[in-house]
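Let me begin by presenting the structure, written as structure tokens, before commenting on it.
The values are calculated or read from the model by the stated rules, or taken from the named source; none is laboratory data. If you're wondering where the values come from, they're calculated on a predicted model, not measured in any experiment. Note that each Cβ is placed from the backbone with ideal geometry, even for glycine, and that neighbours are counted across all protein chains shown.
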Amino acid sequence: MAFLHIEALAKRFPQADAPVFEHLNFSIERGEFVCILGHSGCGKTTVLNILSGLDEASAGTVVMDGREVRGPALDRGVVFQSHALMPWLSALKNVEFGVRSRWPEWSRREVEAHSIKTLEMVGLAHALHKKPHELSGGMKQRVGIARAFAIQPKMLLLDEPFGALDALTRGTIQDELMQIVAATQQTVFMITHDVDESILLADRILLMSNGPRAQLAEIVEVALPRPRDRHTIHHDPRYYRIRNHLVDFLVNRSRAFAAPEAGHAPAVVNPGSDIPEPQAA
Amino acid sequence: MTTLRKPWLAPLLSVLLLAFLLGVWQLAAQPETTVVDPGLDPEYAALIGAAAAGGGQSAMPTPGEVGGKLWAHLTDPFYDRGTNDKGLGIQIGYSLARVLAGYLIAVALAVPLGFLIGMSPLAYRALDPYIQVLKPISPLAWMPLALYTIKDSGTSAVFVIFICSVWPILVNTAFGVASVRRDWLNVARTLEVSPLRTAFTVILPAAAPTILTGMRISIGIAWLVIVAAEMLVGGTGIGYFVWNEWNNLSIANIIVAILVIGVVGMALDTMLARLARAVSYRE
């Protein structure tokens with residue numbers, strides 16, 4: 001059985017006629033990086049909140065590592081869209097807040113040392129004692145990532161973490177995230193609106209049709225070799241095959257998509273697989 | 001605020017304004033030279049003072065007289081010559097003790113209760129009608145009820161302070177707790193932080209500025225109310241002092257007391273403002 005297994009997941013909000021999404025079936029393997037892509041209102045954030053335990057599904061089950069997910073727990077680290085740092089705590093104290101919860105038996109010094117190490121990993125060694133309002137948007141989000149990473153979760157959940165950042169900062173943090181994830185073999189589930197971001201980061205991309213009654217329409221495999229480089233990846237001929245496929249879906253097919261029947265398995269596509277891997281010159 | 005180019009200008013204007021006001025006061029309180037009515041009964045005149053008998057001198061003292069009284073009080077604030085003649089320091093001490101007692105009880109009760117109301121929409125809806133009705137009641141209206149049930153006048157004054165301080169703290173705490181950002185609570189939930197630790201490490205610091213604002217409003221109201229309350233209950237305290245000096249028709253003493261009440265009120269407010277700054281945060 002896969003590391004994370006989701007079966008027949010649905011969410012209906014009270015007072016709503018139709019569920020936001022339904023019949024959601026997918027799995028994530030250990031160490032995999034999965035992005036979920038779809039228009040606003042398809043329930044991406046709700047899916048992530050159910051995975052994190054902050055929200056409850058109306059139907060269906062989530063099983064992670066052989067156990068049903070019920071309520072929030074320390075085995076899943078969440079990076080929030082709005083970074084959600086406590087403004088009265090320094091960057092270091094924000095990270096320590098999580099570390100202390102994860103290992104309550106640790107001494108002050110151990111907690112501090114581990115938190116500093118994690119902040120150094122995201123390149124914030126120089127800003128340990130700064131309050132969030134003294135940090136730039138990118139630095140704040142790095143602290144948020146460090147806080148989630150520091151508790152060494154089995155799965156990292158990212159809710160569109162780079163949405164509010166400028167392109168340059170976004171690129172830098174994407175690189176950092178890729179390095180850390182590669183080094184730690186972290187399993188990641190990430191929401192994004194950005195097609196290029198999803199191709200750069202993900203092993204597989206889940207495409208959601210439009211809500212309400214959104215469904216998992218397709219799973220796109222990104223077979224580009226790793227390590228990937230943000231500056232050269234778009235020269236790979238397969239890149240645009242994947243990109244065009246994703247954009248096509250979002251622009252044309254996401255609205256009209258109708259599942260053949262309830263509980264169907266989403267189609268798995270691998271755009272560009274017919275193109276041979278380019279040989280290094 | 002823009003920095004002034006001449007930093008001495010504002011203090012100078014303040015001093016000039018003070019000099020002007022004192023001058024006007026001096027002129028207004030100037031004793032008129034009156035001719036004593038030759039037909040006046042000399043014994044009566046001797047009894048109440050020649051000027052008063054002639055109707056010439058008002059009871060309004062000049063700034064100089066008030067200054068002299070102020071100096072006398074400041075140099076000897078803690079004398080005690082019987083029930084109706086105690087130093088200003090002692091009277092202020094009594095008032096402060098009552099205010100602090102009532103205020104601290106109010107804080108001890110209103111902050112936890114406000115937490116409960118802020119966290120639970122049910123508790124909020126259940127208690128809201130009571131708060132809405134009780135909040136606008138003048139604290140002094142409780143005085144007869146307090147005197148009847150508590151019977152001790154000093155304790156009644158403390159109760160009145162309590163009842164007037166409790167509402168701003170309660171309402172502000174509930175509001176502050178209810179408006180803690182959902183995200184911060186979610187962070188605590190995903191980190192499996194216990195409810196008690198969440199209350200102390202997330203909700204309390206997040207709501208602290210709002211709570212402190214309520215506490216600052218309360219201490220201001222409490223200091224306003226203590227003067228009136230002590231006028232009613234009598235015995236000791238700055239309010240009683242003012243009333244007693246009114247009975248003595250010593251306007252100079254009353255003005256001194258008014259000044260002291262203002263300064264102490266300002267000191268209390270400044271203290272709470274400092275505290276509020278210490279717990280404030282920028283997002």
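Note on region B:202-227: among residues that are surrounded by 18 or more Cβ atoms within 10 Å (Cβ to Cβ) and facing chain A (nearest Cβ under 9 Å), the one that is farthest from the chain's Cα centre (by Cα) is B:202.
Total residues in region B:161-196 satisfying the condition of being within 30 Å of residue B:227 (Cβ to Cβ) and either within 14 Å of chain A (Cβ to nearest Cβ) or not hydrophobic (A, V, I, L, M, F, W, C) (or both): the figure is 5. Might you check whether a residue that is buried (at least 19 other Cβ atoms within 10 Å of the Cβ) and not hydrophobic (A, V, I, L, M, F, W, C) occurs anywhere in region B:253-260? Yes, there is a match, as at least one residue in region B:253-260 is buried (at least 19 other Cβ atoms within 10 Å of the Cβ) and not hydrophobic (A, V, I, L, M, F, W, C). Output yes when any residue across region B:85-98 is surrounded by 13 or more Cβ atoms within 10 Å (Cβ to Cβ), touching a residue at least 12 places away in the same chain (Cβ under 8 Å) and assigned to a loop (DSSP other than H, G, I, E, B), and no when none is. Yes, there is a match, as at least one residue in region B:85-98 is surrounded by 13 or more Cβ atoms within 10 Å (Cβ to Cβ), touching a residue at least 12 places away in the same chain (Cβ under 8 Å) and assigned to a loop (DSSP other than H, G, I, E, B). Residues that are free of Cβ contacts under 8 Å to residues at least 12 places away in the same chain and more than 21 Å from residue B:215 (Cβ to Cβ) within region B:133-177 comprise B:133, B:141, B:144, B:145, B:148, B:149, B:150, B:151, B:152, B:155, listed in sequence order. Filtering region A:65-91 to residues that are more than 14 Å from chain B (Cβ to nearest Cβ) and either touching a strand residue (DSSP E or B) at 6+ places or on another chain (Cβ under 7 Å) or in contact (Cβ under 8 Å) with a residue 60 or more places away in the chain (or both) leaves A:65, A:66, A:68. The set of residues from region A:93-131 being touching a residue at least 40 places away in the same chain (Cβ under 8 Å), under 23 Å from residue A:76 (Cβ atoms) and within 14 Å of chain B (Cβ to nearest Cβ) comprises A:94, A:95, A:97, A:98, A:99, A:101, A:102.
Taking the numbered list (1) within 14 Å of chain B (Cβ to nearest Cβ); (2) closer than 20 Å to residue A:218 by Cβ; (3) of a type in the set (Ser, Thr, Tyr); (4) out of contact with any Phe, Trp or Tyr (no Cβ under 8 Å at 6 or more places or on another chain) in turn, residue A:40 passes all entries but (1). Please enumerate the residues belonging to region A:2-26 that are closer than 26 Å to residue A:180 by Cα and surrounded by fewer than 16 Cβ atoms within 10 Å (Cβ to Cβ). Once the filter is applied, which keeps residues that are closer than 26 Å to residue A:180 by Cα and surrounded by fewer than 16 Cβ atoms within 10 Å (Cβ to Cβ), region A:2-26 yields only A:2. Quick check: anything in region A:180-189 touching a Cys at 6+ places or on another chain (Cβ under 9 Å), β-branched (Val, Ile, Thr), over 30 Å from residue A:106 (Cβ atoms) and surrounded by 18 or more Cβ atoms within 10 Å (Cβ to Cβ)? No - not one qualifying residue is present in region A:180-189. Figure legend. Inter-residue proximity from region A:156-183: first residues within 28 Å of residue A:4 (Cα to Cα), second residues of a type in the set (Phe, Trp, Tyr) and assigned to a helix (DSSP H, G or I), beta-carbon distance below 9 Å, spacing 6+ or different chains. Indicated pairs: A:156/A:149; A:180/A:149. For region B:41-48, the criterion of being under 19 Å from residue B:249 (Cβ atoms), at pLDDT below 65 and either outside any loop (DSSP other than H, G, I, E, B) or in contact with a strand residue (DSSP E or B) (Cβ under 8 Å, 6 or more places away or on another chain) (or both) is satisfied by at least one residue. Considering the conditions (1) charged (D, E, K, R); (2) farther than 30 Å from residue A:88 by Cα; (3) surrounded by fewer than 16 Cβ atoms within 10 Å (Cβ to Cβ), residue B:230 is excluded by exactly one of them, (3). Of the set (1) closer than 17 Å to residue B:94 by Cβ; (2) out of contact with any Gly (no Cβ under 8 Å at 6 or more places or on another chain), all apply to residue B:196 but (1). Against the condition under 17 Å from residue B:106 (Cα atoms) and of a type outside the set (S, T, N, Q), how does residue B:170 come out, does it pass? Yes; evaluated as a whole, the condition is true for this residue. Residue-level analysis places residue B:242 outside the set of residues that are in contact with a His (Cβ under 9 Å, 6 or more places away or on another chain), of a type in the set (Val, Ile, Thr), more than 14 Å from chain A (Cβ to nearest Cβ) and closer than 28 Å to residue B:140 by Cα.
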